[in-house]
Every structure is written in C-alpha cells, then in structure tokens.
Amino acid sequence: MAKAAELLCERWTLLVARELIAGSRHFNELRRGLPRMSPTLLSTRLSQLVASGVIRRSAEGPMQHAYELTQAGQELVPLIETMGVWGHRWVSKHLHDDDLDAGLLMWDIGRGVDSSVLPERRVVIEVELTDAPRDRRHWWLVSEAEHVDLCLEDPGHEVDLLIRATVRMLTSVWMCRLSLDEARDTGGLTLSGPERLKRLMPRWLIGSPLARLGAQSLVARPIGA
C-alpha cells in the first residue's frame, strides 16, 4: 500500500491516468484535459508512469508520441472509477469559481457526446456560454457519421440546435448535478431549434462518465439508506 501510494499519490498522477482512460493518447490531448497542469510537470509525470510500467510510449512520427495504458494501468480503472463515485457522492457539491473552465468543459463534452442517437446526416450544435470570456464564448459540435468534431471557430454550416447557458449551469448538467429539465426550469439554459433535436438532447448529452457513475450510485443507494 505504501509503495503504491508513493507512486500514485503524487499530485496529478491519477488525473493523468484518468485522462488516458478517457481516451487521450497524445501530449496535447492530455494538456487539454488537464489545463491547469504545467507542460513540464505533465512530462515529468508521464516519464514516471512510463518508468513504473503503468503506461507505455510509442513513436507515431519524428516528433509525435502516443501514450497508452499497460495492463498495470488498466487495473487502475476500477480504482479511479471508485474514487470518482466517492467524490461525486461525498465531496462538496457546490461548484466554486475555480472549478469552472469553459475550454475544459467543452473539450470533455466534445469527446463525451453520444453521437449514435443523433441523425445520420450532419448535425451542427452551437453552444453559447453566455458568461465565458469572449474568445471562449461560442463553440460548435459537428456530428456526422457518428463522429463529433469540436470547433472554436464557426465551421460555416447551418446551425441545427443552439444551446445558451452559463458555464456554471452547463457544468452542473455535465457533472450530473442538475438534470437538463431542472437547468431549463431555472432559465439558466435555453434551447433553440427543432423539437425533435431538443428531445434528443438528454440522450446525447449524457454527462461525464465518472459523474454518471456517481449519480447512479446515489440512485442505487440514497444517502441515509
């Protein structure tokens, strides 16, 4: 236990592993998922995890490397899921200003959209984060052939659905702290577009994987039970 803690309890280490579990494979992808971690520290943690046999590094070109979990790393999945469930269940549910990051939120949503429930044709969803800095206020999710691209610049296609929300409100929905209906009832989140696409939203905006596990645990075993 002590040796495991010595490796895994270094600051950011488990969050790096979480990002790899979520599908990030390249340094820049890991940076997008961990925006508050310095590039130097990320490089250090990756080197430590490679040296410890938790991840492996492979070359994908002269200047490009990819990282993936080894068997040792894959065995961390239930540990990280359990920590995520515990955090969702017991750690403060109030989102502080420091917890809100428009770029991180949209990066996570972009890779977590379940595009299989959207029409097979191209669907363009614009997200306007009404209180975000001007250069992080407008985002576009472009779904086509069950693949989703996240754009910070207008892709030039007609918008099918417009979501307007504060960063806090959309984060609360994505973290499964509020349902979509609850967010709309407060007026902090509005939808503009065809009713069919509005009705589909709870099926494709399904929440962060760890947050979903935490929310399911509360349903299965309510606090006080």
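Under the condition of being open to solvent by 20 Å² or more (accessible area, probe 1.4 Å) and in a helix (DSSP H, G or I), the residues counted in region 46-69 number 4. If you filter region 144-181 down to residues that are open to solvent by 90 Å² or more (accessible area, probe 1.4 Å) and under 24 Å from LEU210 (Cβ atoms), you find that the one that is modelled with the highest pLDDT is ASP181.
Would a scan of region 191-203 turn up a residue that is open to solvent by 60 Å² or more (accessible area, probe 1.4 Å), touching a Leu at 6+ places or on another chain (Cβ under 7 Å) and within 15 Å of ILE125 (Cα to Cα)? Yes, that holds for at least one residue. Restricting to region 64-101, and then to whatever is of a type in the set (Gly, Ala, Ser) and out of contact with any helix residue (DSSP H, G or I) (no Cβ under 8 Å at 6 or more places or on another chain), can you tell me which residue is farthest from LEU30 (Cα to Cα)? Among residues in region 64-101 that are of a type in the set (Gly, Ala, Ser) and out of contact with any helix residue (DSSP H, G or I) (no Cβ under 8 Å at 6 or more places or on another chain), the one farthest from LEU30 (Cα to Cα) is SER92. Would you confirm whether any residue within region 120-128 is open to solvent by 70 Å² or more (accessible area, probe 1.4 Å) and in contact (Cβ under 8 Å) with a residue 40 or more places away in the chain? Among the residues of region 120-128, not one is open to solvent by 70 Å² or more (accessible area, probe 1.4 Å) and in contact (Cβ under 8 Å) with a residue 40 or more places away in the chain, which makes the answer no. Quick check on region 12-28: of everything there that is in contact with a helix residue (DSSP H, G or I) (Cβ under 8 Å, 6 or more places away or on another chain) and either aromatic (Phe, Trp, Tyr) or in a loop (DSSP other than H, G, I, E, B) (or both), which residue is farthest from VAL77 (Cα to Cα)? This residue is PHE27.
Tallying residues that are in a loop (DSSP other than H, G, I, E, B) and open to solvent by 50 Å² or more (accessible area, probe 1.4 Å) within region 132-143 yields 2. For region 4-40, the set of residues classified as crowded, with 16+ Cβ neighbours inside 10 Å and of a type in the set (Asp, Glu) consists of GLU19, GLU29, listed by residue number. Hey, can you tell me all the residues within region 70-118 that are assigned to a loop (DSSP other than H, G, I, E, B) and either in contact (Cβ under 8 Å) with a residue 12 or more places away in the chain or touching a strand residue (DSSP E or B) at 6+ places or on another chain (Cβ under 8 Å) (or both)? Hits for region 70-118 are THR70, LEU76, LYS93, LEU95, LEU100, ASP101, VAL113, ASP114, LEU118.
Candidates in region 74-89 are the residues that are open to solvent by 90 Å² or more (accessible area, probe 1.4 Å) and of a type in the set (A, V, I, L, M, F, W, C); of these, the one that is nearest to LEU8 (Cα to Cα) is MET83.
The values are calculated or read from the model by the stated rules, or taken from the named source; none is laboratory data. Fair warning: this is a prediction, and the values are worked out from it, not measured in the lab. Glycine also receives a Cβ, built like all others from the backbone with ideal geometry; neighbour counts cover every protein chain displayed. These accessible areas exclude ligands, DNA and RNA; they are computed on the full protein's heavy atoms, side chains included. Shrake-Rupley method; radii C 1.70, N 1.55, O 1.52, S 1.80 Å.
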